[in-house]
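Please read the structure below before turning to the comments.
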Amino acid sequence: MKKGIPKKIHIIGSVGSGKTTLAKELSARLQIPYYELDNIVWKRHKSGDIRRTENERKVYLQTIIDSGCWIVEGVHNEEWVKNSFQHAELIIFLDTNYSIRSYRIIKRFVLQKLGLERSNYNPTMKIFLKMFKWNRYFEKEGKPNFLNEFAVYHDKTLIVTKNDDIKNYFKIG
């Protein structure tokens, strides 16, 4: 895997894997802007989110990719996101333990409902339950599909199972 400080990073993992936390940390440390794929999918409005078309998402993501340095994070690995994987200098796959992700989903929901953690969406019971469904789906389908389909990028993929993997790669702490 290419060493040095990457300027184009794509972070992928299931809900609750730590994508946003890692993206924020790396963004601050490396002085590189980060973008959440969920905010590329959705136009955020107080009155309710509006889903962008696939073409709108592609154009928005391409603008980010063309900017020269970026951290993109999200669970999405559909066709419209492939350009990000192709242009990334480093792909970080967060392979966080299923039970840890489940705990984080619960913790996040409680903190959001108490107003102690901000969210880009309205943390409803419906979304809370969907997160468990998405977590299961990722474990059974998403992770194997990603590892199989994106094996072509093995030379620039860092599979993270523990925080030390990130610390060692970036020589943090």
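The values are calculated or read from the model by the stated rules, or taken from the named source; none is laboratory data. Given the structure is predicted, the values throughout are model-derived calculations rather than measurements. Quick reminder, even Gly has a Cβ in these numbers, built from the backbone with ideal geometry, and neighbours come from all protein chains shown. The area values use the complete protein model at the heavy-atom level, side chains included, leaving out ligands, DNA and RNA. Shrake-Rupley method; radii C 1.70, N 1.55, O 1.52, S 1.80 Å.
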Query - Å² per residue, accessible surface of the chain at 1.4 Å - result: 58 Å²
Query raised in the report: Between Tyr34 and residues 5 or more places away or on another chain, which pairs have amide H atoms under 5 Å apart, with H built 1.01 Å from N, and which residues are they?
Result: Ile71
Query - Whole-Hz ³J(HN,Hα) from phi, Karplus 6.51 cos²θ - 1.76 cosθ + 1.60, for segment 22-27, glycine and proline x - result: 5, 4, 5, 5, 5, 4
Query raised in the report: By accessible area of protein heavy atoms, probe 1.4 Å, what ranking do His154, His45, His10, His76 get, highest first?
Result: His154, His45, His76, His10
Report summary line: Plugging the Cβ-Cβ distance of Asp155 and Tyr121 into 1/(1 + (r/R0)^6) at R0 = 30 Å yields, to the nearest 0.05, a FRET efficiency of 0.25
Query raised in the report: So which residue, out of Asp38, Asp155, Asp95, gets the largest mean-square fluctuation from a GNM of the chain using Cα contacts under 10 Å as springs?
Result: Asp155
Query raised in the report: Using only helices, what value at 222 nm comes out for the chain when you add -39,500 (n - 2.57) per DSSP H run of length 4 or more and divide by the total residues, to the nearest 500 deg cm²/dmol?
Result: -13500 deg cm²/dmol
Report summary line: Simple spin-label estimate for Gln86/Asn145, 7 Å along Cα→Cβ, in nm, reads 2.0 nm
Query raised in the report: With springs only between Cα atoms under 10 Å, which of Ile65, Ile159, Ile100 fluctuates most in a Gaussian network model of the chain?
Result: Ile100
Query raised in the report: Alpha carbon centre of segment 31-59 versus segment 120-173: separation in Å?
Result: 19 Å
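Once the mean 1/r over all distinct Cα pairs of the chain is inverted, what Kirkwood radius in angstroms do you read off?
Details: mean 1/r = 0.0596 Å⁻¹.
That comes to 16.8 Å for the chain.
Accessible area of the chain with a 1.4 Å probe: how many percent of it is carbon plus sulfur? Please list the in-between numbers first.
Values: 5310 of 10020 Å².
Of all accessible area on the chain, carbon and sulfur atoms account for 53 percent.
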Query raised in the report: Using modelled backbone amide H atoms (1.01 Å from N, in-plane), which distant-in-sequence or interchain residues come within less than 5 Å of Arg52's amide H?
Result: Trp42, Lys43
Report task. Considering only Gly142, Gly16, Gly48, give the residue with the highest GNM mean-square fluctuation for the chain, with springs between Cα atoms whenever their separation is below 10 Å. Result -> Gly48
